[in-house]
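Colleague: Pasting a structure below so you can have a look.
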Amino acid sequence: MIERLRGWFDALGARPSWQRWLPVLAWGATIWWLSSRSPRPGTPSTLTIFVFNGGHVVLFGTLAVLAHAAQRRIGRMRFLLAVVLASCYGAIDELHQAHVPGRDSSVFDWCSDTSGAVFGAALATWSRESLAWARRAAIAAVPAAIASVSCATFV
């Protein structure tokens, strides 16, 4: 699987800059569209809320992976820029959700976005460059993601 990811990263990296960033923009638009949807009426179960809050980790982890793949930098700078981009977009998304009827904005959701971004960027760095610190960062991001999703669900 790691070899497939490396092949995908290499194929994307060989494209012109504007083509490398198209998946990032498309995924960002998808997140925006999902955030624009009002929830269904009724009281959701705690499990449903937990799953939806966990979606923040997946969505923004994927955004960080795509932002990581779109860059030509290497190492920590690529990792850092992917996390910052996804985290900043997470903050913008939370502000957007505050203005959508039936949705609310939460700092815990933003923490879930950021921990997902750290996890995604760390996995991308580890799979692409085989750096031990990236593997440790990915492992460290898991408890942070679980904690932020739990706080967003139960607080």
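Colleague: Just wondering, is there one or more residues in region 70-77 that are loosely packed, with under 13 Cβ neighbours inside 10 Å, out of contact with any Leu (no Cβ under 9 Å at 6 or more places or on another chain) and outside any helix (DSSP H, G or I)?
Modeller: Taking every residue of region 70-77 in turn, at least one turns out to be loosely packed, with under 13 Cβ neighbours inside 10 Å, out of contact with any Leu (no Cβ under 9 Å at 6 or more places or on another chain) and outside any helix (DSSP H, G or I).
Colleague: Out of all the residues in region 116-146, which are in contact with a His (Cβ under 8 Å, 6 or more places away or on another chain) and buried (at least 24 other Cβ atoms within 10 Å of the Cβ)?
Modeller: If the condition is that a residue be in contact with a His (Cβ under 8 Å, 6 or more places away or on another chain) and buried (at least 24 other Cβ atoms within 10 Å of the Cβ), then G116, G120, A121, A124, T125 are the ones that fit.
Colleague: Here is a list of conditions, (1) in a helix (DSSP H, G or I); (2) of a type outside the set (D, E); (3) surrounded by fewer than 14 Cβ atoms within 10 Å (Cβ to Cβ), and L66 meets all of them except one; can you say which number that is?
Modeller: The failed condition is (3).
Colleague: On to the next question. Is there a residue being modelled with pLDDT of 85 or more, in contact with a Gly (Cβ under 8 Å, 6 or more places away or on another chain) and either under 18 Å from A124 (Cβ atoms) or of a type in the set (D, E) (or both) anywhere in region 31-46?
Modeller: No, region 31-46 has no match at all.
Colleague: Okay, moving on. Select from region 30-57 the residues that are within 13 Å of the chain's Cα centre (by Cα) and small (G, A, S) and write down the one among them that is nearest to C151 (Cα to Cα).
Modeller: Filtering first and then ranking leaves G54.
Colleague: Every residue in region 27-49 that is among the small types (G, A, S) and either part of a helix (DSSP H, G or I) or free of Cβ contacts under 8 Å to residues at least 60 places away in the same chain (or both), please.
Modeller: G28, A29, S35, S36, G42, S45
Colleague: Going by the conditions given, is C151 surrounded by fewer than 22 Cβ atoms within 10 Å (Cβ to Cβ), over 21 Å from L22 (Cα atoms), under 11 Å from the mean Cα position of the chain (by Cα) and not small (G, A, S)?
Modeller: no
Colleague: Then there is this: Determine whether F60 is among the hydrophobic types (A, V, I, L, M, F, W, C), in contact with an Asp or Glu (Cβ under 7 Å, 6 or more places away or on another chain) and touching a residue at least 24 places away in the same chain (Cβ under 8 Å).
Modeller: Considered against the rule, which asks whether it is among the hydrophobic types (A, V, I, L, M, F, W, C), in contact with an Asp or Glu (Cβ under 7 Å, 6 or more places away or on another chain) and touching a residue at least 24 places away in the same chain (Cβ under 8 Å), F60 comes out as yes.
Colleague: Being assigned to a loop (DSSP other than H, G, I, E, B) and either modelled with pLDDT under 95 or over 22 Å from A144 (Cα atoms) (or both) narrows it down to one residue among S105, S115; which is it?
Modeller: Criteria check complete, one pass: S105.
Colleague: Go through (1) at pLDDT 90 or above; (2) within 25 Å of A140 (Cα to Cα) for G55 and report which single condition fails.
Modeller: (1)
The values are calculated or read from the model by the stated rules, or taken from the named source; none is laboratory data. Given the structure is predicted, the values throughout are model-derived calculations rather than measurements. Positions of Cβ are backbone-derived with ideal geometry, glycine not excepted, and every protein chain shown enters the neighbour counts.
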